[in-house]
Amino acid sequence: MKILLCTNSFENVTNGPAKFANLILEVNTLYPEHQIRILTEDITVPHENVYPVQVRLPRFLKLLSQFFRMFIYHNAAQKIRREFAYDVLLYNNSFIGLWSAIVSKEPTVGMINDDNNISIGWNNFKASSMWLKRFLFRKCEKLSVRYHQHILTNSDFLTEKVIAAYGHPQKVTRLYKSIDLSKNKFQADRPFVQPIRILFVKADFRRGDLQTLTDALALLDKFTFQLTVVGPEERFKSLIESYFVGKGNLQLDWRGEQSPDNVRQLMYECDIFCVPALQEALGVANIEALACGLPVVSTIVGGIPEVLDHGKNGWLVPPGNPNELAQAIESSITFIEQRKNKVSNGESFVKRFSKYVMYQDLLAILQDVVSHYTYRSTPERTSSGS
């Protein structure tokens, strides 16, 4: 089977979709009966089995860039087919693959990686360009579920959300985004000397609710903390620094954007991993922390409980509640046996997020799509649920 993965993130490996795109190329070596190629705009140096595509749009069209990407990626994919006759088109973003799903002669599979668009509706209307953008994206995402032969989500939580919002339950399947466990050395013993080092990794620090985390740590004034912040862009540094004002037991260790290797090293150096997210479809960073033996404190939202085995692998609290978050962090510090048990549980639990499990599940799904697809010479579709 020949697969072409279209992804707008690849080289800048700071999110789940980009990490997936980098991992998936290993299929070419592990399963030589299958071939995978990647089409991406996010590449600056030549890479084996990766095709570059240029997306150049004037600034005034930035708001609608994803709409134009639909046509740019489809046209580029059709040109590639002349030398790489793929059997299935896989889109890392189902919306960007909408035009291909409608007109392509080959079967298409789209991925929905978060609930950003699903969460937009008239009940949370805002007179802003961002709300309008998300509202339009939701409409297109719904169409993509209709026209793609199959849809992949990254958690049971997101699967339920997609089906509830868009329908077509027979064509929506959960595929956990995985990590390369071989790169993570399980290191359970942490010094927990003061200042206790807390690691926060999230580019969207508002969605990760960094402010609630600083408020919670300030409540634990019998401890001193160093909070290492990774992910946010440099332009947000002054705003984030304001979260620390007046909190004498808390100091900021600003790191900004970091490579995956640097983040992994920080996971070995810190004592607790905590991103008390307000919204999260899965939370790959939590998986990586568990694989490194780092105690995890997080929130009962989205797919996070699936990663933390509903509290067996870490501490879970309601979102936006600094008091309960402070209690959970204090428990992770003071109850040593409880911490050891949760960390140990995490070591065995993360095996279900192995890249090998993901490869096998993905290939089985794509093979099934190809086997049951009827090729047509017209844009019409007869896929189930359409």
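Observations
- Some residue of region 118-128 being in a helix (DSSP H, G or I), in contact with a Lys or Arg (Cβ under 8 Å, 6 or more places away or on another chain) and farther than 21 Å from Y91 by Cβ: no
- Answer from R255, R197, R190 - the residue that is modelled with pLDDT under 95 and basic (K, R): R190
- Residues in region 126-139 that are surrounded by fewer than 17 Cβ atoms within 10 Å (Cβ to Cβ) and modelled with pLDDT of 90 or more: K139 alone.
- Matching option when the condition is more than 17 Å from the chain's Cα centre (by Cα), open to solvent by 20 Å² or more (accessible area, probe 1.4 Å) and under 19 Å from I179 (Cβ atoms), among E26, E11: E26
Residue-by-condition table, conditions (1) closer than 24 Å to I179 by Cα; (2) in contact with a Cys (Cβ under 8 Å, 6 or more places away or on another chain):
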| position | (1), (2) |
| --- | --- |
| A21 | yes, no |
| E33 | yes, no |
| T40 | yes, yes |
| I43 | yes, no |
| V55 | no, no |
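- Condition check for L98: touching a helix residue (DSSP H, G or I) at 6+ places or on another chain (Cβ under 6 Å) and either in contact (Cβ under 8 Å) with a residue 12 or more places away in the chain or open to solvent by 10 Å² or more (accessible area, probe 1.4 Å) (or both): yes
- L219 vs. criteria in contact with a helix residue (DSSP H, G or I) (Cβ under 7 Å, 6 or more places away or on another chain), within 26 Å of K342 (Cβ to Cβ) and open to solvent by 40 Å² or more (accessible area, probe 1.4 Å): yes
- Residues that are buried (at least 24 other Cβ atoms within 10 Å of the Cβ) and part of a helix (DSSP H, G or I), drawn from region 284-316: A285, N286, I287, E288, A289, L290, A291, I304, V307
- Residue within region 23-45 that is touching a His at 6+ places or on another chain (Cβ under 8 Å) and over 28 Å from K202 (Cβ atoms) present: yes
- Every condition in (1) in contact with a helix residue (DSSP H, G or I) (Cβ under 6 Å, 6 or more places away or on another chain); (2) open to solvent by less than 20 Å² (accessible area, probe 1.4 Å) holds for V343 except the one numbered (1).
- Matching residues, region 225-236, being open to solvent by less than 60 Å² (accessible area, probe 1.4 Å) and either of a type outside the set (A, V, I, L, M, F, W, C) or modelled with pLDDT under 95 (or both): Q226, T228, G231, P232
- The residue that is surrounded by the fewest Cβ atoms within 10 Å (Cβ to Cβ), counting only those in region 108-125 that are of a type in the set (A, V, I, L, M) and within 18 Å of the chain's Cα centre (by Cα), is I118.
- Pairs linking a residue in region 353-378 that is under 14 Å from I36 (Cβ atoms) to a residue that is open to solvent by 70 Å² or more (accessible area, probe 1.4 Å) and modelled with pLDDT under 95, with Cβ atoms under 9 Å and 6 or more positions apart or on different chains, are K355/S182.
- Count of residues meeting criterion [without any contact (Cβ under 8 Å) to a residue 12 or more places away in the chain and not in a helix (DSSP H, G or I)] in region 49-80: 3
- Among the residues of region 143-198, those that are touching a residue at least 12 places away in the same chain (Cβ under 8 Å), surrounded by fewer than 16 Cβ atoms within 10 Å (Cβ to Cβ) and small (G, A, S) comprise G167, A188.
- Residue identified as out of contact with any Ser or Thr (no Cβ under 7 Å at 6 or more places or on another chain), free of Cβ contacts under 8 Å to residues at least 24 places away in the same chain and aromatic (F, W, Y) among F335, F349: F335
- Selection from region 39-55 of residues that are open to solvent by 50 Å² or more (accessible area, probe 1.4 Å) and either among the polar types (S, T, N, Q) or more than 15 Å from R69 (Cβ to Cβ) (or both): T44, V45, P46, H47, E48, Q54
The values are calculated or read from the model by the stated rules, or taken from the named source; none is laboratory data. Quantities reported herein were computed from a predicted structural model and do not represent experimental measurements. Neighbour counts are summed over all protein chains in view; Cβ atoms, including those assigned to glycine, are modelled from backbone coordinates with ideal geometry. For the accessible areas, the whole protein counts, side chains as well, though only heavy atoms, and no ligand, DNA or RNA atoms are used. Shrake-Rupley method; radii C 1.70, N 1.55, O 1.52, S 1.80 Å.
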